Amino acid sequence: MLDYNGIRYQTHPEVYEPAEDTFLFAENLQVERKDNVLEIGTGTGLIAIIASRGCRTVTATDVNPQAIDCAVKNIIANKAYNIELRKGNLFEPVQDEKFDLILFNTPYLPTDEDERVDDELDAAWNGGVDGREVIDQFLEGLKDHLKPGGRVQLVQSSLSNVERTLEKLEEMGFDAAVTAREKFFFEEVVVITGVLPS
């Protein structure tokens, strides 16, 4: 078992293990007590568990069945009973639902065909050739799943064009900004926060 600020969690070889980008996200979550939160790509469930301590409910999804299994164990171990897990890609598991806050640590690494790995872990980091494949799909469905005044927080890398994400959010009517950033080796990882008018 690993430990992050008193939250005990286990990992799995085919599930993205919480790393620097996860911890940057964890430290910069803007969760409010009244919020119904959606987390896409929950992985081990660590972010969902942290969010659940400050909000009403969390719906956490992942396309990877190993991640769902891993998150179930971690949610039970931490008695985070206001989290509901669902399997599926992006917004598929929550088709007609709207939330106050949507969280997503995106797969943001630019990845050529020959760099892909053929297991469940691929979905956690493979952002397609320009790193934006999943980010752009996510942004397309985002507004349909937010209440008026709703917020989004996503993690992204400088390798996948942060400015483009901010522009897209602004075109969609969000007030959007980079609210946290940290430099690693060859990239900068950022948290982008966007707010819709109420």
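Return the loop-located trypsin sites (Lys or Arg not before Pro) in the stretch 34-70 (DSSP other than H, G, I, E, B) with at most 11 other Cβ atoms within 10 Å of their own Cβ; answer none if there are none.
Numbers: sites: Lys34, Arg53, Arg56; in loops: Lys34, Arg53, Arg56.
Answer by residue number: Lys34.
Charge dipole (Cα centre; +1 on Lys/Arg Cβ, -1 on Asp/Glu Cβ; no other charges) of the chain amounts to roughly 1240 debye. Solvent exposure of Val191, expressed as accessible area, is near 0 Å², computed with a probe of 1.4 Å over the protein chains only.
Solvent exposure of Arg86, expressed as accessible area, is near 50 Å², computed with a probe of 1.4 Å over the protein chains only. Applying the criteria of a DSSP loop state and at most 14 other Cβ atoms within 10 Å to the GluC sites (Glu not before Pro) of the stretch 1-57 yields Glu32. Dividing the summed helix terms, -39500 (n - 2.57) for each DSSP H run of n ≥ 4, by the number of residues in the chain produces a 222 nm estimate of -7500 deg cm²/dmol to the nearest 500. Here the accessible area of the chain is 48 percent carbon and sulfur, with a 1.4 angstrom probe and all protein chains present.
Per residue, the accessible area of the chain comes to 48 Å², computed with a 1.4 Å probe over protein heavy atoms only. Based on a Kirkwood Rh over C-alpha pairs, give the Stokes-Einstein translational diffusion coefficient of the stretch 144-197 at 20 °C and viscosity 1.002 mPa s in µm²/s. Calculated translational D: 186 µm²/s. Ordered by 1.4 Å accessible area with all protein chains kept, Ile75, Ile50 run largest first as Ile50, Ile75. Computed over the alpha-carbon pairs of the stretch 1-52, the distance histogram in 10 Å steps reads 22, 59, 18, 1 percent, short to long.
Once you've got the Cα coordinates, tell me which of Lys87/Lys147; Lys143/Lys168; Lys34/Lys147; Lys147/Lys168 are over 20 Å apart. Each step should come with its number before you reach the end.
On the way: Lys87/Lys147 22 Å; Lys143/Lys168 12 Å; Lys34/Lys147 13 Å; Lys147/Lys168 18 Å.
In this structure, Lys87/Lys147 lie more than 20 Å apart at Cα.
Computed extension gain for Met1 through Glu170, at 0.36 nm per residue and net of the alpha carbon distance, reaches 56.7 nm. Sparse packing (at most 15 other Cβ atoms within 10 Å of the Cβ) combined with a DSSP loop state is found for the following chymotrypsin sites (Phe, Trp or Tyr not before Pro) in the stretch 166-197: Phe185, Phe186.
The values are calculated or read from the model by the stated rules, or taken from the named source; none is laboratory data. Keep in mind it's a predicted model, so treat the numbers as computed, not measured. Here Cβ is always computed from backbone atoms with ideal geometry, including for glycine, and neighbour counts include all displayed protein chains. Areas reflect the complete protein model, heavy atoms only, side chains present, ligands, DNA and RNA absent. Shrake-Rupley method; radii C 1.70, N 1.55, O 1.52, S 1.80 Å.
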